[in-house]
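**Student:** This is the structure I have questions about; it appears just below.
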């Protein structure tokens with residue numbers, strides 16, 4: 001009789017635990033302010049797609065980033081200044097364009113002031129363009145966009161510099 005009760009208690013505890021939310025945001029007070037009181041995800045307002053033949057990313061000078069700051073992509077349905085939005089689930093962070101097409105996915109994503117994305121996947125950071133294309137050799141244990149528009153990548157303690165097109169630059173070049 002005891003073994004049957006213990007088995008039933010074990011079965012009930014497993015069933016109850018499997019119904020728990022998989023997100024770690026339920027304990028974060030900063031995250032709670034972005035949720036509706038009934039704990040559903042907020043509804044995203046409808047966004048009309050751009051007119052045919054017009055793409056707001058083309059024609060933008062990637063080398064001039066003005067006074068924009070880097071944006072940490074951490075909240076579900078977070079709107080980004082480039083017109084894209086963020087989705088967060090148990091698999092990681094995704095960036096979707098205005099038409100809800102996924103551009104990127106990673107464990108952590110940061111929208112850089114240049115309009116490029118810095119994505120951590122596995123143990124490395126990589127840089128992707130605003131369209132989701134990987135930017136050449138720009139990757140490492142640490143990647144930083146410097147004020148002069150160059151990326152500083154640290155791989156195994158060795159520092160490499162790359163320009164906005166992914167070409168390696170040497171210290172004597174700048």
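The values are calculated or read from the model by the stated rules, or taken from the named source; none is laboratory data. Note that this is a predicted model, so its numbers are computed, not measured. Backbone-built Cβ (ideal geometry, glycine too); neighbour counts: all protein chains shown.
**Student:** I'd like the residue in region 130-150 that is under 21 Å from the mean Cα position of the chain (by Cα), without any contact (Cβ under 8 Å) to a residue 24 or more places away in the chain and not in a strand (DSSP E or B) and, out of all such residues, is surrounded by the fewest Cβ atoms within 10 Å (Cβ to Cβ).
**Tutor:** 146
Residues are listed down the side, and each one gets a yes or a no for (1) assigned to a strand (DSSP E or B); (2) at pLDDT 50 or above; (3) within 25 Å of residue 142 (Cα to Cα):
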position: 58; (1), (2), (3): no, no, no
position: 62; (1), (2), (3): no, no, yes
position: 65; (1), (2), (3): no, yes, yes
position: 110; (1), (2), (3): yes, yes, yes
position: 115; (1), (2), (3): no, yes, yes
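**Student:** Filter region 151-172 down to the residues that are in contact (Cβ under 8 Å) with a residue 24 or more places away in the chain, more than 21 Å from the chain's Cα centre (by Cα) and surrounded by 17 or more Cβ atoms within 10 Å (Cβ to Cβ) and list them by number.
**Tutor:** 162
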